[in-house]
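The values are calculated or read from the model by the stated rules, or taken from the named source; none is laboratory data. These figures come from a predicted structure and were not determined experimentally. Cβ placement follows ideal geometry from the backbone for every residue including glycine, while neighbour counts extend to all protein chains displayed.
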Amino acid sequence: MLDVQDIRLLVGYLQLHHPVGLRKGKGTQNLSTRFDWEKIAKVAPMIFLTFPKEVHKLGKENRTLVRERLAYLTNDQLEPALFEHLYDLINSVYRHWVKTKRGTLGKYSIGDVRSRHTTVFNGLMLGQGHRCAYCGYSFAEIPGEQTLDHIIPFRLGGDHMCGSNWQILCKTCNWEKKDMLSIFQHRVANDWIYHLQRWTPEQEDRTGKKRIEFAVILRDKKCKQCESGPTEKQLFAINETTGLSIPSNMVCVCETYPNC
């Protein structure tokens, strides 16, 4: 049976996919600091756990399969309102997953959002302080570094014109996040570097370096000294210990550390 607290966490996250959305134009908040990404990594596999293995041509039949699957996984023990909310979200995500697998949906780029949804784009930029939503890289001087990220990966979350599933990342952060819900789904975020090269001794070009730094920034979300977040300053991950530069030995600092 699925844990109720995990279900509530998953529901809160999947609402980013809901067509109503959580964002509406101006004043959009930076949602990167809203979620505990380590906990999101824990519940991420629950999404595919809820999907049925069969796919029918009729939407009604597919909805029945999803409902039956959820009823089985929750043992019919959820309060009705929470069950229906979870069902609506999973059914919507599942329907989108099926459509993208069939190749019937196009994917928005940063250029599409800029040109077709200017108000939403400006709202996103305002809410992020005109910086990368994760690391705080400033877009003021090099707008070409902007990329569109689907917070819930596109094949699950899709494009919603209210911007509920969009955030603007620098190229490095978008590359490290890739198709995951959370960087903490990746083994290097949990200190496992067995498969990586050039770590003994540590070399500047060691594999996995950027991904580990990315994980530290998302874990801490702010500078350890001045507590500035990504809407205020650019963030970096550093190792001030004598141990390997794995997440447990690293901390997040801002661009002006230690003089901040």
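Considering Pro230, Pro247, Pro258, the condition of being of a type outside the set (Asp, Glu), within 19 Å of the chain's Cα centre (by Cα) and farther than 23 Å from Phe139 by Cα is satisfied by Pro247 alone. Scanning the stretch 66-83 for residues that are assigned to a helix (DSSP H, G or I) and in contact with a helix residue (DSSP H, G or I) (Cβ under 9 Å, 6 or more places away or on another chain) yields Val66, Arg67, Arg69, Leu70, Ala71, Leu73, Thr74, Leu82, Phe83. Would you mind stating whether Asp179 is outside the structural domain of Pro45 (by TED's automatic domain parsing) and in a loop (DSSP other than H, G, I, E, B)? So Asp179 passes the test.
Flag set for Gln167, criterion: surrounded by 22 or more Cβ atoms within 10 Å (Cβ to Cβ), modelled with pLDDT under 95 and either closer than 29 Å to Thr207 by Cα or of a type in the set (Asp, Glu) (or both). Comparison of Arg155, Arg95 shows that the only residue that is in a helix (DSSP H, G or I), modelled with pLDDT under 95, crowded, with 16+ Cβ neighbours inside 10 Å and charged (D, E, K, R) is Arg155. Can you spot a residue in the stretch 34-52 that is in contact with a Cys (Cβ under 9 Å, 6 or more places away or on another chain), modelled with pLDDT under 90 and in a loop (DSSP other than H, G, I, E, B)? Looking for residues that are in contact with a Cys (Cβ under 9 Å, 6 or more places away or on another chain), modelled with pLDDT under 90 and in a loop (DSSP other than H, G, I, E, B), one finds none in the stretch 34-52, hence no. When the residues of the stretch 217-245 are narrowed to those that are without any contact (Cβ under 8 Å) to a residue 12 or more places away in the chain and of a type in the set (Val, Ile, Thr), which ends up farthest from Lys39 (Cα to Cα)? Only one residue fits best here, namely Thr242. When Gly144 is tested against (1) surrounded by fewer than 18 Cβ atoms within 10 Å (Cβ to Cβ); (2) in contact (Cβ under 8 Å) with a residue 40 or more places away in the chain, exactly one condition is not met: (2).
Restricting the first member to the stretch 161-173 and to residues that are among the basic types (Lys, Arg), and the second to residues that are at pLDDT below 95, the beta-carbon pairs closer than 8 Å and six or more apart or on different chains are Lys171/Glu145.
Evaluate the stretch 200-218: report whether one residue or more is over 29 Å from Thr256 (Cα atoms) and surrounded by 18 or more Cβ atoms within 10 Å (Cβ to Cβ). No, there is no match, as no residue in the stretch 200-218 is over 29 Å from Thr256 (Cα atoms) and surrounded by 18 or more Cβ atoms within 10 Å (Cβ to Cβ). More than 26 Å from Leu124 (Cα to Cα) and of a type in the set (Gly, Ala, Ser): does that describe Gly229? No: the conditions fail for Gly229. In the stretch 72-81, is there at least one residue being in contact with a Lys or Arg (Cβ under 7 Å, 6 or more places away or on another chain), crowded, with 18+ Cβ neighbours inside 10 Å, among the hydroxyl-bearing types (Ser, Thr, Tyr) and within 20 Å of Gln5 (Cα to Cα)? No, there is no match, as no residue in the stretch 72-81 is in contact with a Lys or Arg (Cβ under 7 Å, 6 or more places away or on another chain), crowded, with 18+ Cβ neighbours inside 10 Å, among the hydroxyl-bearing types (Ser, Thr, Tyr) and within 20 Å of Gln5 (Cα to Cα). Being in a loop (DSSP other than H, G, I, E, B) and outside the structural domain of Arg34 (by TED's automatic domain parsing) is a property that holds for Leu244. Of all residues in the stretch 174-216, exactly one satisfies the criterion of being touching a His at 6+ places or on another chain (Cβ under 8 Å) and in contact (Cβ under 8 Å) with a residue 40 or more places away in the chain, namely Met180.
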